[in-house]
Amino acid sequence: MGNLRKDYVLEKFVIFPYQMNNSTNADLQSGCPFCPGNELMTERATLALVAKDGILKRLSDTEESPIEEWCVRVFQSSNPSVTTLESVDYTDKPHYSEPAYGYHQIVVASPDHNANLSSISIEQWTNVLLVIQDRVRWLYTQKGVTYVSIYVNDGTAAGAASSHPHLNLLTLSTIPPVIEIEAEAAHKFMNENGNCPACITLGVESEGPRQILSTDTYLAFCPWASSYPYEFWIYPKKHMTTFSKISQKEISGLAMILRATLGGLSRALNNVPFNLVFHLSPEKKNSRQIHWHIEVYPQLHTWSGLERGYGVYVNRIGPEKGAEILGAACRKELAELVGIT
C-alpha cells in the first residue's frame, strides 16, 4: 500500500501511491481499455448502466462475462492513487504518515471514445450524474471513507491519462484541506452573519457582470477572485449541502447546465484542457457543511513561482471579461441544445 504523508507543520497532505504494474500504458498501446469490447482490460465493473427501451438498469460484471451495451461503466482504477489493501504502516511526527487507504474508481462517461464531456447529450450527462450519485452513496457506507472526491482531468495538460471521456471518484480517510478551510470559513460566516455565504454570493452574482448562465435551478458565474483565466463555478440556487440527496429533477437541471457551460467553454476557447471538481460537504456526523457546487479550471498557462511558492495568483483575464466571452458562448450552446435558434 502507498502512504499519505503530512507536512511537518502545515495541514498539507501528499499521497505517494503504491507502485502497481504499469498496465495502463500497455493497455493503451493495444487499445483503449475504456472502450466497448475491451472490458476485460479493466477491473470488473461494480456498476454498468444499461439504457434499453427507455429503462435504466444498474448491473455489474460477473467473473464469467462483462456487461455489454452499457452507457456508463464504473470500475476500480488500474493505477489508483489509494487502495483498499490492508496495512498498518503508520509513522509519527515529524514524519507523520498513514496508509493511503481508499477507493479510486473510474466512471466512463460514454462508450464513444471520440466523444467528450462538452459534447455528450444532456440525457447522457443525466445518466452519468445518476451513477455518480449512486456511487457516492455507496462509498460513504464503506469503512475508512471520510470524504468522497469527484474530479475530471480533461486533456493532457489537465492531467488526463486517457482521452476517452471519464471522471474519477477517489475517497480519502481525512477531509481535504481545501474543503476543511471552506467549511470552517462558511461556519464562521454563518455564525457571525446568520446566513450562508454562498447564498449571499449567488444573490450578488445573479444578473451581474460575472454571470455566464442562469437556469431555473442553477447559476454559473466567474468568481470575483478567480485563480484561473475563465474559471467558473456552478451552484444550485437553493441552499443545499448534500449532493447525494438531490432529486431527479435537480440532477436533470445539473446535466443541462453542465453540458451547456462545458460546451460553451469548448466553443469559446477551442477545446481547452480543463479540470472540473465537485466541492461537497463531508457526509459524516459533526462535520462542517458547505453549499455544494462545482468548480471548473481551464488550463491555459503554467503557474509561476509566485503562485507555486506563495499562493498569490496572477490572472490576466479578469472574471468580468471571462464571463462576457463565456456567457455569449454558453447561451448560444444552451439555445441550440433546447432547439432555440
The stretch 138-185, convex hull of Cα, quarter of hull surface, nm² -> 4.5
Note, residue 276: beta-carbon cut-off 13 Å, +1 each Lys/Arg, -1 each Asp/Glu, net -2
Across 56, 213, 169, the residue with the highest GNM fluctuation in the chain (Cα network, 10 Å cutoff) is 56
Output for the stretch 233-341: chymotrypsin sites (Phe, Trp or Tyr not before Pro) sitting in coil per DSSP, at most 15 other Cβ within 10 Å, listed by number, reads 303, 313
In the stretch 132-223, the GluC sites (Glu not before Pro) that sit in a DSSP loop and have at most 16 other Cβ atoms within 10 Å of their own Cβ are 207
Calculated from DSSP helices alone, with each H run of at least 4 adding -39500 (n - 2.57) and the total divided by the residues of the chain, [θ]222 nm to the nearest 500 comes to -9500 deg cm²/dmol
The chain, Gaussian network, Cα under 10 Å: of 246, 67, 212, the residue fluctuating most is 246
Too long for a 26 Å Cα-Cα cut-off, among 57/245; 12/143; 6/238, are 6/238
The chain: relative contact order from alpha carbon pairs under 8 Å, six or more residues apart, as a whole percent, is 16
On the accessible surface of the chain, probed at 1.4 Å with all protein chains in place, carbon and sulfur together account for a percent value of 52
The answer for the stretch 43-171, accessible area per residue at 1.4 Å probe in Å², is 47
Of the residues 289, 272, 330, the Cα lying farthest along the dipole of the stretch 272-336 towards its positive end, which is defined by charges on the beta carbon of Lys, Arg, Asp and Glu, belongs to 289
Here the relative contact order (percent) of the stretch 147-214, from C-alpha pairs under 8 Å and at least 6 apart, is 23
Listed by chain and number, the residues whose amide H is under 5 Å from that of residue 232, excluding neighbours fewer than 5 places away on the same chain and using placed H, are 296
Eigenvalues of the alpha-carbon gyration tensor of the chain, times 5 and square-rooted, give semi-axes in Å, largest first, of 30, 27, 20
Toy charge model, Lys and Arg Cβ at +1, Asp and Glu Cβ at -1: the chain dipole around Cα centroid in debye, rounded to 20, equals 620
Given 94-107, 34-47, the highest-first ranking by average Cβ count within 10 Å works out to 94-107, 34-47
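The values are calculated or read from the model by the stated rules, or taken from the named source; none is laboratory data. Computed from a prediction, not measured in an experiment: that's the story for all the values here. Here the Cβ is made from the backbone with ideal geometry for all residues, glycine too, and neighbour counts use every protein chain on show. With ligands, DNA and RNA removed, areas are computed over all heavy atoms of the protein, side chains included. Shrake-Rupley method; radii C 1.70, N 1.55, O 1.52, S 1.80 Å.
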